[in-house]
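Notes follow the structure.
The values are calculated or read from the model by the stated rules, or taken from the named source; none is laboratory data. Because the structure is a prediction, the values reported are computed rather than measured. Please note: Cβ atoms are built from the backbone with ideal geometry, for glycine as well, and neighbour counts cover all protein chains shown. What goes into the accessible areas is simple: the full protein's heavy atoms, side chains included, and nothing from ligands, DNA or RNA. Shrake-Rupley method; radii C 1.70, N 1.55, O 1.52, S 1.80 Å.
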Amino acid sequence: MTDSGARRATGRHGTPVMMDVAALAGVSYQTVSRVINDQPGVRASTRERVLAAMRELGYRPSPAARSLASGRSRTIGIVTIGTDLYGPTTTLRGVEAAIRGAGYTVSTESLSRFDRASALAAVERMTAQRVEGILAIDPEVDAAAALRVLPPTVPLMVLRGGLDAVAAGVQFDSTAGAHNAVRHLLDLGHPTVRHLAGPLRFEAARSRVRGWRAALEEAGAPIHEPLQGDWSARSGYATGQVLAADPDVSAVFAANDQMAVGLIRALYEAGRTVPGDVSVIGFDDIPEAAYLVPPLTTLRQDFIDEGRRAVAMLLAQIEHPGAAEPIPVRMVPDLIVRSSTGRYTPRPAPGGSPQ
């Protein structure tokens with residue numbers, strides 16, 4: 001059909017509707033509906049004619065119409081913590097893109113606090129919306145435990161909620177990543193590594209403490225209790241002032257890059273150079289990490305890939321109910337070595353010789 005013919009076949013306002021597709025393909029409205037919803041009873045040649053008409057007209061089935069015809073909502077609910085931190089926001093973008101790419105719509109709820117009560121209330125609201133599956137991103141530890149024991153009304157997937165705390169999920173192995181970070185600093189000769197931890201109500205923070213502590217214990221290195229941050233650069237700066245005042249601090253592992261940024265600022269203001277006096281390593285590899293002064297050694301996590309994998313696992317449960325129980329996926333972050341870490345140089349003792 002010519003362009004003018006295609007234009008004549010469209011609806012009153014120029015936007016093609018299902019009746020336009022039926023007219024162009026020479027079939028009934030019901031046949032177009034069966035093709036759109038991938039129902040049986042349509043010959044292959046007829047199906048291809050309908051699809052060709054849809055392409056020619058630029059027709060896009062509305063999610064609402066598909067839901068009414070199929071009896072399915074084709075909607076995935078996402079529950080996440082409302083934050084501007086790099087990891088959760090990047091993961092959310094990847095998850096939403098993967099869901100829409102699979103032909104589903106998205107219903108997202110951002111919580112100011114992702115604790116047990118908020119998580120259960122959000123899941124109840126999502127279920128009332130007839131979502132076909134729920135994906136929870138970065139729940140607090142008690143929330144992940146509560147999600148584990150929910151009745152299986154809809155498939156549920158958890159990202160970074162602790163793989164030991166839920167039936168199935170996807171997450172980077174922060175314990176292994178933290179272990180590798182501390183091992184890198186110890187291999188540079190540092191006698192021990194101090195830790196700037198994230199909020200311990202999150203599994204990501206707890207697992208990084210575990211990895212940090214395990215690496216020090218294996219090396220027989222001194223262990224100082226972690227200082228507590230809240231993932232922000234501001235908290236990294238505040239705790240960094242404490243660390244900067246301790247002349248024995250030569251290496252610090254921060255639980256995320258934002259806190260590492262604040263820490264480096266505090267060290268600089270105290271007259272301590274990085275990495276000359278103190279080596280610093282972060283976690284996440286934010287886009288700015290390579291452009292800091294000095295460029296930040298960190299652990300890289302592909303949050304987009306993590307989100308895609310979680311969506312694929314969730315959709316498999318939705319599309320194939322009763323299939324084999326999904327196997328949790330654990331990925332190890334990549335250590336990205338840059339200039340913020342260097343070999344340990346013993347500082348001179350008051351008398352002039354190294355300590």
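Within the stretch 160-175, identify whether any single residue is buried (at least 19 other Cβ atoms within 10 Å of the Cβ) and at pLDDT 90 or above, and answer yes or no. Yes - at least one qualifying residue is present in the stretch 160-175. Would you be able to say whether some residue in the stretch 143-158 is under 29 Å from residue 252 (Cβ atoms) and touching a residue at least 12 places away in the same chain (Cβ under 8 Å)? Scanning the stretch 143-158, I find at least one residue that is under 29 Å from residue 252 (Cβ atoms) and touching a residue at least 12 places away in the same chain (Cβ under 8 Å), so the answer is yes.
Residues that are at pLDDT below 95 and over 18 Å from residue 95 (Cα atoms) do occur in the stretch 298-321.
Taking the criterion of being open to solvent by 20 Å² or more (accessible area, probe 1.4 Å), among the hydrophobic types (A, V, I, L, M, F, W, C) and without any contact (Cβ under 8 Å) to a residue 60 or more places away in the chain, the residues of the stretch 248-287 that qualify are 261, 270.
Kindly provide the set of residues from the stretch 288-311 that are open to solvent by 10 Å² or more (accessible area, probe 1.4 Å) and of a type in the set (D, E, K, R), ordered by number. Across the stretch 288-311, the qualifying residues are 288, 300, 302, 305, 308, 309.
Selection over the stretch 84-134 of residues that are more than 12 Å from the chain's Cα centre (by Cα), open to solvent by 20 Å² or more (accessible area, probe 1.4 Å) and closer than 26 Å to residue 229 by Cα gives a count of 9. Yes or no: residue 137 touching a Phe, Trp or Tyr at 6+ places or on another chain (Cβ under 6 Å), crowded, with 17+ Cβ neighbours inside 10 Å and within 20 Å of residue 304 (Cα to Cα)? When the stated conditions are applied, residue 137 does not pass them. Here residue 230 passes the criteria (1) open to solvent by less than 40 Å² (accessible area, probe 1.4 Å); (2) assigned to a loop (DSSP other than H, G, I, E, B); (3) under 14 Å from residue 199 (Cα atoms) except the one numbered (1). Filtered by the rule that a residue be within 25 Å of residue 202 (Cα to Cα) and touching a helix residue (DSSP H, G or I) at 6+ places or on another chain (Cβ under 8 Å), the stretch 113-133 gives 114, 115, 116, 118, 119, 120, 123, 133. The one condition from (1) among the hydrophobic types (A, V, I, L, M, F, W, C); (2) open to solvent by 20 Å² or more (accessible area, probe 1.4 Å); (3) touching a Leu at 6+ places or on another chain (Cβ under 8 Å) that residue 157 does not meet is (2).
For the stretch 176-188, the count of residues that are of a type in the set (Gly, Ala, Ser) and modelled with pLDDT under 90 is zero. Restricting the first member to the stretch 297-312 and to residues that are among the basic types (Lys, Arg), and the second to residues that are part of a helix (DSSP H, G or I) and open to solvent by 60 Å² or more (accessible area, probe 1.4 Å), no beta-carbon pair is closer than 6 Å while six or more apart or on different chains. Can you name the residue in the stretch 214-242 that is free of Cβ contacts under 8 Å to residues at least 24 places away in the same chain and in contact with a helix residue (DSSP H, G or I) (Cβ under 9 Å, 6 or more places away or on another chain) and, of all such residues, is farthest from residue 140 (Cα to Cα)? The extreme case among them is 218. Candidates 176, 245, 205: the one that is over 30 Å from residue 146 (Cβ atoms) and in contact (Cβ under 8 Å) with a residue 24 or more places away in the chain is 245. Restricting attention to the stretch 236-245 and to residues that are open to solvent by less than 50 Å² (accessible area, probe 1.4 Å) and touching a strand residue (DSSP E or B) at 6+ places or on another chain (Cβ under 8 Å), the residue that is nearest to residue 203 (Cα to Cα) turns out to be 236. Of all the criteria given as (1) farther than 27 Å from residue 292 by Cα; (2) modelled with pLDDT of 95 or more, the one not satisfied by residue 240 is (1).
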